[in-house]
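Input: one structure, supplied below.
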Amino acid sequence: MGSATVGSDWGAYTLMLQGLYAIIDEGVLIGEDLVRVAQDYLEGGIKIIQYRHKHRHESTQSYQKYLQRAEAIGALRSQYAFTYIINDDLDAFQKVGADGIHVGKDDFSIEECRKQVGSKIIGYSSHSLAEALEAEKRGPDYVAFGAIFPTTTKGPGHPIQSVEKLKVVVESLKVPVVAIGGIGRDNVQDVVETGVAMVAMISALGRPQSKNRVTEARYFVDIINKR
């Protein structure tokens, strides 16, 4: 497990890199009120939220709307204590005063991010043990690993890894590890038993098939926090 003490415009508090890691993805939650989604997650006890919009640069208008939503989600920290991560956008990270940024091999480098974010949180996506170990040497605060199971949110460039490989990564790295990819009710317990610090979810939380999002969040929070 890991932790970081980070200051923000909404006050300083200890940010724990552990538990359920919710990703709010524009490409998955099409047409949804994303600020309402974030609030539902927070009401359900989630303490880490990442906002991701892969197509934010399609137009100036699209980017401005993205920034507005990013700011509105961040403003929820006046009501809830949570770690707020922006995906792959240093400008947005700075403008909204986020707690951290998450990148992968095709994004800003860990070194460039560190220059701009200082002591704030940097997360990195990896897809093999070798990549995870190499990333750790470059100084991220956590490393994500996946996809653990088949998932519609990752393409053919993201091969399935398995719980067994996840366990090896968890045991090999010193920084906190995030499991991601295809995790839901039927397999979350297997993931938790690897000792992973955080469990990331997108579809299982964002598209709960007419289930209440607050209730669904609480379900997963309880399982992950029981260890």
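Just need a number here: residues in the stretch 107-122 that are surrounded by fewer than 20 Cβ atoms within 10 Å (Cβ to Cβ), outside any helix (DSSP H, G or I) and touching a helix residue (DSSP H, G or I) at 6+ places or on another chain (Cβ under 8 Å).
Within the stretch 107-122, residues that are surrounded by fewer than 20 Cβ atoms within 10 Å (Cβ to Cβ), outside any helix (DSSP H, G or I) and touching a helix residue (DSSP H, G or I) at 6+ places or on another chain (Cβ under 8 Å) number 1.
Sticking with this one: Name, by its number, the condition in (1) within 16 Å of TYR21 (Cα to Cα); (2) not in a helix (DSSP H, G or I) that does not hold for ALA217.
For ALA217, the failing item is (2).
Tell me which helices (runs of 4 or more DSSP H) are completely within the stretch 160-211 and hold 1 or more residues being in contact (Cβ under 8 Å) with a residue 60 or more places away in the chain, or say none if there are none.
Numbers: elements: 163-172, 188-192, 203-206.
Passing ranges, in order: 203-206.
In the list ALA22, ALA72, which residue meets the criterion of being more than 17 Å from the chain's Cα centre (by Cα) and at pLDDT 90 or above?
On the way: ALA22 fails: more than 17 Å from the chain's Cα centre (by Cα).
When all the criteria are applied, what remains is ALA72.
Within the stretch 175-227, track down each residue that is among the charged types (D, E, K, R) and closer than 16 Å to GLY44 by Cβ.
Quick first cut of the stretch 175-227, residues among the charged types (D, E, K, R) only: 185-186, 190, 193, 207, 211, 213, 216, 218, 222, 226-227.
Residues satisfying the conditions are ARG185, ARG207, LYS211, ARG213, GLU216, ARG218, ASP222, LYS226.
Of all residues in the stretch 123-151, which are within 10 Å of VAL169 (Cβ to Cβ), among the hydroxyl-bearing types (Ser, Thr, Tyr) and buried (at least 20 other Cβ atoms within 10 Å of the Cβ)?
SER126 - this is the single residue of the stretch 123-151 that is within 10 Å of VAL169 (Cβ to Cβ), among the hydroxyl-bearing types (Ser, Thr, Tyr) and buried (at least 20 other Cβ atoms within 10 Å of the Cβ).
Within the stretch 33-62, how many residues turn out to be out of contact with any Ser or Thr (no Cβ under 9 Å at 6 or more places or on another chain), assigned to a loop (DSSP other than H, G, I, E, B) and surrounded by 14 or more Cβ atoms within 10 Å (Cβ to Cβ)?
So the answer is 2.
The values are calculated or read from the model by the stated rules, or taken from the named source; none is laboratory data. Treat the numbers as computed from the prediction; the structure is a model and nothing was measured. All Cβ positions, even for glycine, are placed from backbone atoms using ideal geometry, and neighbour counts span all protein chains on display.
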